[in-house]
Structures are given as structure tokens and as C-alpha cells.
């Protein structure tokens, strides 16, 4: 199933859960990730089904080869062949290694894959610019979200007009890390300092992302209340290791 949220300005945001697809366990059901070991045919069917349910053309959805970095690509159409890739050495799409994409193309949907990391969807409908970013702990620390906003500004966006939505992600009460790692993250982004519900060091990546957006002047922000580790309606790498991937989509109507 997909939760879609329109904005009065004409921006569209959508986040998937794990249900309504054709993938078999442990990827059941709506796995949209092409590099997690799932059957490529099932991933293709799921991507087509998800796009159709959103009123989108699956061939007009841009995906990323996410690597936990801070590189951004400006796109004006889908990459090359568009076939989901696998980890078994099969043919891969010519999809660059980036963790954020931005575009000025109306009707072109940008997609981000996650299974605990924070999916970040951005839109400035006045400028006609949208962006999608994959913010895990390394990407948040590296500044992938500020980099995405800067790329949008270069295309005419203004932070005060940007609408930001973050989707289901692991929460600070569940994302346990070593104390040294928490300290390293908090040194870069104090808002990410957290503690688990059982009293150990943790990181709240989504809180860090929202603090970054706030400093950039992005005020229209909403955060999903869903923690992927706690919700069995969502994929969680932390919980299950071998599992599927959720997707966030953003586009202008």
C-alpha cells in the first residue's frame, strides 16, 4: 500500500509500506529495491504496480544507485535501460552512484529507496523544482540533504518555498550505536544525539535531517511518525537484515 499526500501547491509526495506486491519472503511483498537479492521480475512488477497506483508512468520514475554519500545528480529523464540490478553479477543499469537527485521536469517522479534510512522528499512548486535524498547516518553526517537543497537552489528554488517531507525511518529510540559513533555524529549534528528506549547511545537521523533543513530556511516540514524497526508493515534492515526496500516518490503535477 502507498500513502500519498498532495500539497495545495501541486507537489505530490508518496511513501510505500511493504504490502501489495508480488515478492516472496523475505522480501514480501512490495519490495522496490533492485539490489537486495530479490527476483528482478518481481521488482519490476512491483515498481510498475506502485507507479500505476500513483498515476505515474513507471518509465518516468528516476531511481538512484545509493551509496551513503552526499553526491547529487540533476536529471531531466530516466537513466538508460532502467532494469533493476542484482547482487549476482547480472547486467546493471547505467545508474550513477548518488544519494540525491533533483529535477525541473514536470511529471518526472524521483524515487528514493530505504529500509531504516530517512527518505527525504523536497519540492518548490513555484520554481518547478523537486528533489529526493537518501539520508542514512553517513549521508546525514556528510550533508546529503543540504547538498540536495543547494542543487535545487541552483535551479531556481528558494528554501522558504521548499516543502519537505521525511518518510518512515528508524527512530532515535531504536537506532543503537556505540558511544563513540554517537559522539562523532553529534559533533556534526547535535540534534541527532539520542538514547534508545533501553538507555543506550543512539542516533536520530531524521531529527538531524530536520535540524539541517531548519537551518537552511526550509520551514514547511513534516515527519512520518512510523519507525521502520517497530513497524512490521515496513521493511527494516536493522530488524531483519535480509529484507526489501520501501520507496518515497516526489513529483509535480
Of all residues in the range 138-147 being surrounded by 24 or more Cβ atoms within 10 Å (Cβ to Cβ) and touching a strand residue (DSSP E or B) at 6+ places or on another chain (Cβ under 6 Å), which is farthest from residue 66 (Cα to Cα)? 145
Just give me the residues in the range 129-182 being under 20 Å from the mean Cα position of the chain (by Cα) and on the phi > 0 side of the Ramachandran plot, in sequence order. 143
Would it be correct to say that residue 211 is in a helix (DSSP H, G or I) and at pLDDT 95 or above? yes
Quick check on my filter: what residues within the range 79-109 are assigned to a loop (DSSP other than H, G, I, E, B), modelled with pLDDT of 90 or more and surrounded by 15 or more Cβ atoms within 10 Å (Cβ to Cβ)? 98, 99, 104, 105, 108
Anything in the range 211-227 that is free of Cβ contacts under 8 Å to residues at least 12 places away in the same chain and within 27 Å of residue 18 (Cα to Cα)? List them, or say none. 225
If I filter the range 176-199 for residues that are in contact with a helix residue (DSSP H, G or I) (Cβ under 8 Å, 6 or more places away or on another chain), touching a residue at least 60 places away in the same chain (Cβ under 8 Å) and closer than 24 Å to residue 67 by Cβ, do I get at least one hit? no
In the range 110-135, how many residues are surrounded by 24 or more Cβ atoms within 10 Å (Cβ to Cβ) and in a loop (DSSP other than H, G, I, E, B)? 3
Inside the range 148-169, the number of residues satisfying the requirement of being surrounded by fewer than 23 Cβ atoms within 10 Å (Cβ to Cβ) and touching a helix residue (DSSP H, G or I) at 6+ places or on another chain (Cβ under 8 Å) is 2
Going through the range 15-33 in order, the residues found to be crowded, with 23+ Cβ neighbours inside 10 Å and within 16 Å of the chain's Cα centre (by Cα) are 15, 16, 18, 30, 31, 32, 33
Looking at the range 188-198, is at least one residue surrounded by 19 or more Cβ atoms within 10 Å (Cβ to Cβ), over 28 Å from residue 108 (Cα atoms) and in contact with a strand residue (DSSP E or B) (Cβ under 7 Å, 6 or more places away or on another chain)? yes
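The values are calculated or read from the model by the stated rules, or taken from the named source; none is laboratory data. From a predicted model like this one, the values you see are computed outputs, not experimental measurements. Glycine also receives a Cβ, built like all others from the backbone with ideal geometry; neighbour counts cover every protein chain displayed.
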